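Heads up: the structure comes next, in structure tokens.
Just so it is clear, none of the values below were taken in a lab; they were calculated from the coordinates. This structure is a prediction, so every number in the text was calculated from the model and none was measured. Quick reminder, even Gly has a Cβ in these numbers, built from the backbone with ideal geometry, and neighbours come from all protein chains shown.
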Amino acid sequence: EEFKGIVRFNFRHFPLTKIHQRSQKAAEAAISAAQDGKFWEMHNALFANRRNLGTTTLKLHAKDAGINRKEMLEELMNGTYGQNVHEDIAYGKKIGVTEIPTFFINGTKYTGKPTFDALSKEIIAASKKAKPSKKAK
């Protein structure tokens with residue numbers, strides 16, 4: 001809320017499958033949840049249950065997040081959103097993501113400790129340097 005109208009937040013998936021073998025499917029589940037407008041609810045449920053991310057338990061986490069779509073399990077089994085995750089990974093590698101979380105402010109990789117205060121200072125500094133955007137007519 002503090003930066004409403006100043007910041008555009010863009011979440012990209014970058015599952016570290018060498019460390020978390022089931023993180024790919026978890027990312028797909030989050031994208032599936034987004035189809036119901038429940039991305040953050042699912043994201044929070046997945047993070048809270050990050051040690052239990054089997055395909056069938058992802059459906060249970062979805063239910064806990066308020067998602068009752070029957071198609072979700074089928075989407076996970078078929079890899080419906082797998083390409084979306086692969087595209088996020090490829091883009092992340094292209095721009096230098098090596099760890100998570102990684103933050104970019106106006107296209108510049110933030111390398112400090114990602115606390116609210118530290119990020120706030122960087123956002124304020126970047127907003128002062130940024131050119132005003134032209135509103136589309």
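Of 110, 91, 81, the sequence from fewest to most neighbouring Cβ atoms within 10 angstrom is 91, 110, 81. With a Förster radius of 35 Å applied to the beta-carbon distance between residue 69 and residue 100, the computed FRET efficiency rounds to 0.80. Rounded to the nearest 10 degrees, the angle from helix 82-94 to the longest Cα principal axis of the chain is 30 degrees.
Counting neighbouring Cβ atoms within 10 Å and putting the fewest first, the residues 58, 16, 76 line up as 16, 76, 58. Residue by residue, the stretch 59-64 carries 3J(HN,Hα) couplings of 5, 5, 5, 4, 4, 4 Hz when phi is fed to the Karplus relation 6.51 cos²θ - 1.76 cosθ + 1.60 (θ = phi - 60°); x denotes Gly or Pro. With both labels modelled 7 Å from their Cα along Cα-to-Cβ, the residue 36 to residue 121 distance reads 4.2 nm.
Taking amide H as placed 1.01 Å from N in the peptide plane, the amide H of residue 105 sits under 5 Å from that of 110, each at least 5 places away or on another chain. Charged neighbours of residue 98, selected by a Cβ distance under 14 Å, balance to +4 (K, R count +1; D, E count -1). In square nanometres, what is one fourth of the surface area of the convex hull spanned by the alpha carbons of the chain? Averaged projected hull area, Cα only: 10.3 nm².
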